[in-house]
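Heads up: the structure comes next, in structure tokens.
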Amino acid sequence: MTFSESTSPFSTARLAEFRARYAPASFDQVGLLNDEYLLASEGRYRVYYAAFGAMPPADAKVVFVGLTPGLSQVTEAARAFAETPKAIREDPATYAGILRHRVAFAGSMRRNLCSMLDAIGVPAALGIHDSNELFDEARAHAAATSALVYPVFVGPELRNFSGGGIDLARVGLFRHMIDELLGPRLAHAPDALVVPLGVAATTGVTYLRDRGALSSDRILIGVPHPSGSNGHRARQFQENADALRGRIAAWFS
């Protein structure tokens, strides 16, 4: 699947048009995932507009890359969008900080992620007390995005897309999203360590690496996805912890 700039569903102009009229009638699947906000589709995959997509700060020290927002994240982002005055929403850095605090890996995922980051020495490397600060008072150090920046849902039921072990770059629509959305976001923070979370998100990041769009020494591979449904998370983390700790120390030294 290829697009020109004029036909791309993710062009800057088209995304700005969606953002300008984004006002879901309700904060549930019916209000959030309807054709009014459908950006693109391919086969069983459907991509919807949601209030995400800010560029990371140019001086960010770390960028976390999840897979794609799920319905709960879309819901909370829509609430944040509705509750935030327009003047603040139009300040990209300020609004991105609000989303990072309220939405990024919220709930048990954030607790799990911060526990792993604490264990591999991220707070000491950044000069903060603990990793929770990256989503609060120290959030200028970090940014959060997704391999598939706008939310992907599956099938007529519009199920959350969980990756299912696939290589994202093998799906034309996903490959295009990585090229046009993720790549520029990682390039915008050129000195940040890139931390993909889980196997599927990692395939999106390594696709950029293999194309020469991202330096391999910027990527911290091996952090499991922090979802509570990832039953292998603890084992995977223990297997990788020593190597991750060494990479963190080397990158920030």
(request) May I ask you to list the residues in the range 216-252 that are polar (S, T, N, Q), assigned to a helix (DSSP H, G or I) and closer than 17 Å to V65 by Cβ? (result) S216, Q236, N240
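This table checks each residue for (1) of a type in the set (D, E); (2) surrounded by fewer than 20 Cβ atoms within 10 Å (Cβ to Cβ).
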| site | (1), (2) |
| --- | --- |
| R14 | no, yes |
| P24 | no, no |
| F27 | no, yes |
| E36 | yes, yes |
| E42 | yes, yes |
| A51 | no, no |
| V62 | no, no |
| G70 | no, yes |
| T84 | no, yes |
(request) Would you mention how many residues in the range 60-80 are closer than 20 Å to T94 by Cβ and of a type in the set (A, V, I, L, M)? (result) 6
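A quick yes/no check of all residues on (1) closer than 24 Å to R247 by Cα; (2) free of Cβ contacts under 8 Å to residues at least 60 places away in the same chain; (3) among the acidic types (D, E):
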site	(1), (2), (3)
F161	no, no, no
R175	no, no, no
E180	no, no, yes
P190	yes, no, no
(request) Name the single residue, out of those in the range 135-158 being out of contact with any Lys or Arg (no Cβ under 8 Å at 6 or more places or on another chain) and at pLDDT below 90, that is surrounded by the most Cβ atoms within 10 Å (Cβ to Cβ). (result) A138
(message) Given the condition within 21 Å of A200 (Cβ to Cβ), surrounded by fewer than 17 Cβ atoms within 10 Å (Cβ to Cβ) and not acidic (D, E), answer yes or no: does some residue in the range 222-229 qualify?
(response) yes
(request) Give me the pairs, please: first residue somewhere in the range 226-253 and touching a residue at least 60 places away in the same chain (Cβ under 8 Å), second residue anywhere and not aliphatic (A, V, I, L, M), beta-carbon distance under 6 Å, and either six or more positions apart or on two chains. (result) P226/N112; G228/S108; R233/P224; F237/P224; L244/G222; R245/G121; I248/G121
(request) Tell me which residues, restricted to the range 192-215, are surrounded by fewer than 24 Cβ atoms within 10 Å (Cβ to Cβ), assigned to a loop (DSSP other than H, G, I, E, B) and either among the hydrophobic types (A, V, I, L, M, F, W, C) or within 14 Å of the chain's Cα centre (by Cα) (or both). (result) A192, G198, A213, L214
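Residues in the range 159-171: is at least one charged (D, E, K, R), surrounded by fewer than 16 Cβ atoms within 10 Å (Cβ to Cβ) and under 21 Å from M116 (Cα atoms)?
Quick first cut of the range 159-171, residues charged (D, E, K, R) only: 159, 167, 170.
Adding the requirement that they be surrounded by fewer than 16 Cβ atoms within 10 Å (Cβ to Cβ) leaves 159, 170.
Checking the rest, the ones that are also under 21 Å from M116 (Cα atoms) come to none.
The answer is no, given that none of the residues of the range 159-171 is charged (D, E, K, R), surrounded by fewer than 16 Cβ atoms within 10 Å (Cβ to Cβ) and under 21 Å from M116 (Cα atoms).
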(request) Report those helices (runs of 4 or more DSSP H) wholly inside the range 72-152 carrying at least 3 residues which are on the phi < 0 side of the Ramachandran plot and over 20 Å from the mean Cα position of the chain (by Cα). (result) 86-89, 122-126
(request) Consider D179 carefully, then state whether it is in a helix (DSSP H, G or I), farther than 25 Å from A54 by Cβ, out of contact with any Gly (no Cβ under 8 Å at 6 or more places or on another chain) and charged (D, E, K, R). (result) no
(message) Pairs needed: first member in the range 1-29, hydroxyl-bearing (S, T, Y); second member anywhere, part of a loop (DSSP other than H, G, I, E, B) and at pLDDT 95 or above; C-beta distance under 8 Å; at least 6 residues apart or different chains.
(response) Y22/Y49
(message) For the range 11-70: of the residues being among the charged types (D, E, K, R) and part of a loop (DSSP other than H, G, I, E, B), which is farthest from the chain's Cα centre (by Cα)?
(response) R21
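The values are calculated or read from the model by the stated rules, or taken from the named source; none is laboratory data. Predicted model, so just to flag it, every value in this text is computed and none were measured. Counting neighbours? That spans all protein chains shown, and the Cβs are built from the backbone with ideal geometry, glycine included.
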